[in-house]
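Please treat every number below as a calculation from the coordinates, not as lab data. These numbers were taken from a predicted model, which means no experiment stands behind them.
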């Protein structure tokens, strides 16, 4: 007797739009997909993928994204008509992990985007990705860099100390290498462990290695 194959997992999809016509039109494109189940009430039902349909990213759009996140939906895609650099950053800050333009949203592209976001992958059109990377670079150069900070939340000085500790040096040897007093090195390690809620310097080094910081 042959065992039955398990039914494919269906992706719950919440569709939110600024007007009922856009929501109905978007949902009609998704109804025929065998691996999608539409959640009729926007903020009810099981967590899955939220698809937010908007003309642009404004306060209402980010409010909807944050409302989904508060109820545990953290895989959020944005189907948008217009998106400038400020809107892109606002969407990502609010919690959007995938973006597709309405002008490119064929039923196939829309389903591919939903499946990608459901799988935990980010999704950005190539030109938006390039713009985002450019903005990230400018943020590092113009804002974080002059303050001695990095995106990891650690300063270059802190990273230098952790790198030498990872090489097996003790605090006195680290101080000699960097021309700091041993007390300064210990204070740096204490600041890192306190801020990141780590147990000790070994934990701090392990954290930095695991995060790819050193």
Output for region 60-131 (equivalent-ellipsoid semi-axes, sqrt of 5λ from the C-alpha gyration tensor, Å, descending) is 18, 16, 11
With the 8 Å Cα cutoff and a minimum separation of six or more residues, region 148-210 has a relative contact order in percent of 27 percent
Using only Cα atoms, figure out Rg for region 148-210 and give it as a multiple of 2.2 N^0.38 Å.
-> 1.00
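Per residue Cα convex hull volume for region 11-137, in cubic angstrom?
On the way: hull volume 12.1 nm³, N = 127.
That works out to 95 Å³ per residue.
How big, in percent, is the set of alpha carbon pairs in region 19-88 lying more than 17 Å apart?
Of the Cα pairs, 46 percent sit more than 17 Å apart.
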